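Asker: Just dropping this structure here.
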Amino acid sequence: MIRGAEDTRTALMDALVRLLARGSVAGLSVRHIAAEAGVNHGLVHRHFGSKEELVRATIARLSARVHAEQAAGGGMSASSFEGLRQRPEVALVVARACLDGPHDLLALAAPPPERIRELTAPMRRALGKLGFAREGDAAVLNALGTAALLGWFVFRPLLASGYDLPADADARLAVLLQKLDALLLAMA
């Protein structure tokens, strides 16, 4: 099957996501990724230069998609949770890629700076009203929230068994996050 350049790039990135949902970056070869995509392994180098650049491009694409969806949906904690709930493999892929390297991937997975400012603005205002006006505190809370949401999906099986979570834990967390967002916005 002859594919155009963009179709080949997309096929390789999609293949990488499928494979990372099951294993580590280090455990994947260029040949393995290409075989999963149904293309010649030389096309990885032609389109990306290296496996590491394919991983970077894939994480950047996933991140851009997730952040665009969150922005369209309001973009607070409840929206982020729902986005990951619909595609839990994203959290696993980002975690695996960031842990395995290349080690600049977390910066690629983060929202753009203007989006972070938008997300942290209500936090800054609410913290100010509570007497916590130190610069950077909202960024710290936002990063902690992101880590918690990613961790929820990455460690979900462990959390379910080790912490005696109810069967409807995801639904309960979704409601709690909606209430937290509403409280934060009311305080801001």
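Asker: Right, VAL93: buried (at least 21 other Cβ atoms within 10 Å of the Cβ), at pLDDT 90 or above and either in contact with a helix residue (DSSP H, G or I) (Cβ under 6 Å, 6 or more places away or on another chain) or part of a helix (DSSP H, G or I) (or both) or not?
Answerer: Values: buried (at least 21 other Cβ atoms within 10 Å of the Cβ): yes; at pLDDT 90 or above: no; either in contact with a helix residue (DSSP H, G or I) (Cβ under 6 Å, 6 or more places away or on another chain) or part of a helix (DSSP H, G or I) (or both): yes.
Spelling it out, it is not the case that VAL93 is buried (at least 21 other Cβ atoms within 10 Å of the Cβ), at pLDDT 90 or above and either in contact with a helix residue (DSSP H, G or I) (Cβ under 6 Å, 6 or more places away or on another chain) or part of a helix (DSSP H, G or I) (or both).
Asker: Now for a different question. Any idea which of (1) among the hydrophobic types (A, V, I, L, M, F, W, C); (2) more than 15 Å from VAL93 (Cβ to Cβ); (3) at pLDDT below 95 is the one ALA34 doesn't satisfy?
Answerer: (3)
Asker: A further question on this structure: Do you know which residues across the stretch 116-139 are exposed (fewer than 13 other Cβ atoms within 10 Å of the Cβ), at negative phi and not acidic (Asp, Glu)? Write out each step before concluding.
Answerer: Residues of the stretch 116-139 exposed (fewer than 13 other Cβ atoms within 10 Å of the Cβ): 121, 129-131, 133-136.
With the extra rule that they be at negative phi, the set shrinks to 121, 129-130, 133-135.
Within the stretch 116-139, ALA121, LYS129, LEU130, ALA133, ARG134 qualify.
Asker: Right, another one. Where residues in the stretch 1-34 are farther than 19 Å from VAL154 by Cα and free of Cβ contacts under 8 Å to residues at least 12 places away in the same chain, which of them is surrounded by the most Cβ atoms within 10 Å (Cβ to Cβ)? Even if it seems obvious, please write down each step before you answer.
Answerer: Keep residues of the stretch 1-34 that are farther than 19 Å from VAL154 by Cα, which gives 1-15, 28-34.
From what is left, the residues that are free of Cβ contacts under 8 Å to residues at least 12 places away in the same chain are 2, 4, 6-7, 10, 31.
Numbers: ILE2: 5, GLY4: 8, GLU6: 9, ASP7: 12, THR10: 14, ARG31: 12.
The selected residue is THR10.
Asker: How many residues does the stretch 128-150 contain that are in contact (Cβ under 8 Å) with a residue 60 or more places away in the chain and out of contact with any helix residue (DSSP H, G or I) (no Cβ under 7 Å at 6 or more places or on another chain)? It would help to see each step written out before you state the result.
Answerer: Of the residues in the stretch 128-150, the ones in contact (Cβ under 8 Å) with a residue 60 or more places away in the chain are 145-146, 149-150.
If we keep only those that are out of contact with any helix residue (DSSP H, G or I) (no Cβ under 7 Å at 6 or more places or on another chain) as well, we get 146.
Selection size over the stretch 128-150: 1.
Asker: Sticking with this structure for a sec: Within the stretch 149-188, can you find the residues that are among the small types (Gly, Ala, Ser) and loosely packed, with under 13 Cβ neighbours inside 10 Å?
Answerer: So the first thing to find is which residues in the stretch 149-188 are among the small types (Gly, Ala, Ser), and the list is 151, 160-162, 167, 169, 171, 174, 182, 186, 188.
Of everything in the stretch 149-188, those that are among the small types (Gly, Ala, Ser) and loosely packed, with under 13 Cβ neighbours inside 10 Å turn out to be SER161, GLY162, ALA167, ALA171, ALA182, ALA186.
Asker: Here's a follow-up. In the stretch 9-51, what residues are within 19 Å of LEU99 (Cα to Cα) and in a loop (DSSP other than H, G, I, E, B)?
Answerer: ALA21, ARG22, GLY23, SER24, VAL25, ALA26, GLY27, LEU28, SER29, SER50, listed by residue number.
Table: residues versus (1) within 30 Å of LEU185 (Cβ to Cβ); (2) in contact with a helix residue (DSSP H, G or I) (Cβ under 8 Å, 6 or more places away or on another chain); (3) among the aromatic types (Phe, Trp, Tyr); (4) at pLDDT 85 or above.
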{"residue": "LYS51", "(1), (2), (3), (4)": "no, yes, no, yes"}
{"residue": "ARG56", "(1), (2), (3), (4)": "no, yes, no, yes"}
{"residue": "ALA64", "(1), (2), (3), (4)": "yes, no, no, no"}
{"residue": "GLY75", "(1), (2), (3), (4)": "yes, yes, no, no"}
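Asker: Looking at (1) within 25 Å of ARG96 (Cβ to Cβ); (2) within 18 Å of the chain's Cα centre (by Cα); (3) not small (Gly, Ala, Ser), which is the only condition THR120 fails?
Answerer: So THR120 meets the others, but not (1).
The values are calculated or read from the model by the stated rules, or taken from the named source; none is laboratory data. None of the values given here were measured: they were computed from a predicted structure. Neighbour counts run over all protein chains shown; Cβ positions are idealised from the backbone, glycine included.
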